[in-house]
Amino acid sequence: ARKNPIFRFILAAGFAAPLLKIVGERIFIIYNWSDSRGGKTAALYASLSAWGDPQDLISSFNTTNVFAERLAGLFSDLPLGLNERQLAGGGARQQDFLDKLVYQLAEGNSKGRGAREGGVQEQTSWRNIVIANGEEPLTGQASQSGTNTRALEIFGSPFDNEDAASQMYTTVAQNHGFAGAAFIERLAKADKDKVRAAREQLMADLRYALKTKMRHHAAYMAVVCLA
């Protein structure tokens, strides 16, 4: 499966979230979209399987803002998997909800709220890479530029055929939860200055290769490549 570059990128993204604190990068969203039966959910399962049973870790776009905040807090410094953008529905109202959700998750702090008995509720904070998918783009023509700068949208299928995608569900159901622990053990022993320097070099190489002055997308890609 790793011979497919989209699959490999999504798989690497599942390991990249613990690097955000070390390299000082902000939260961002990786969004894979294509036609149905392209294996997008299977790739997300594979990415989450590094940390546990993906069946227990995955969530969806059929959510509320408050639940999304609490979920992000629960998975802080780990990937947050959101499946099937189409569950949020279509139309201008749903697109507005998605734009606000992207902003909210990328902000890293819950909205300030008053407590029913007086005072204020305790705020939640998080630091994730959000890995999501759907059958249509995440952002629309009316989306604000801030939404676009927080998301890497990747079009295409992460598997070359439907049978390979189907087999991935069986594979990760039987094999999960150990790769993430091994990654953290290795990261804990790493020279953090070298980790940061490697990321800066990757970012410079990507900006040169892509011939772009835009820092944010190259910065996000560099974190995934580093992982």
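The values are calculated or read from the model by the stated rules, or taken from the named source; none is laboratory data. Keep in mind that what you see is a predicted model, and the values were worked out from it rather than measured. All Cβ positions, glycine included, derive from the backbone under ideal geometry; neighbour counts span all protein chains shown. Ligands, DNA and RNA are excluded from the accessible area calculation, which covers all protein heavy atoms including side chains. Shrake-Rupley method; radii C 1.70, N 1.55, O 1.52, S 1.80 Å.
Cross-chain or 8 or more residues apart, Cα under 16 Å: how many lysine pairs in the chain fit that? Count them up, please.
Values: 3/40; 21/189; 21/192; 21/194; 100/111.
Within the chain, the lysine pair count is 5.
Could you work out, for the stretch 1-98, what percent of all Cα-Cα pairs fall into each 5 Å distance bin, beginning at 0 Å and stopping at the bin that holds the largest distance?
Values per bin, smallest distances first: 2, 11, 21, 24, 21, 14, 6, 1.
If you count the DSSP beta bridges with both ends in the chain, what percent of them are antiparallel, to the nearest 5? Display every interim value, and only then the final one.
On the way: 2 of 19 bridges.
The antiparallel proportion sits near 10 percent.
Just add up the charged neighbours of residue 26: K/R +1, D/E -1, any other residue whose Cβ is under 10 Å from the Cβ of residue 26.
Working: positive: 127, 150; negative: 25, 107.
Within the 10 Å Cβ shell, the charges total 0.
I'd like to check one number: the per residue accessible area of the stretch 1-93, probe 1.4 Å, reported in Å² as a whole number.
Numbers: 3960 Å² over 93 residues.
So the stretch 1-93 comes to 43 Å² accessible per residue, rounded to a whole number.
What accessible surface, in Å², does a 1.4 Å probe find on residue 206, ignoring ligands, DNA and RNA and rounding to the nearest 10?
30 Å²
Find how many whole Å separate the alpha carbon centroid of the stretch 46-63 from the alpha carbon centroid of the stretch 173-217.
Centre-to-centre distance over Cα atoms comes out at 21 Å.
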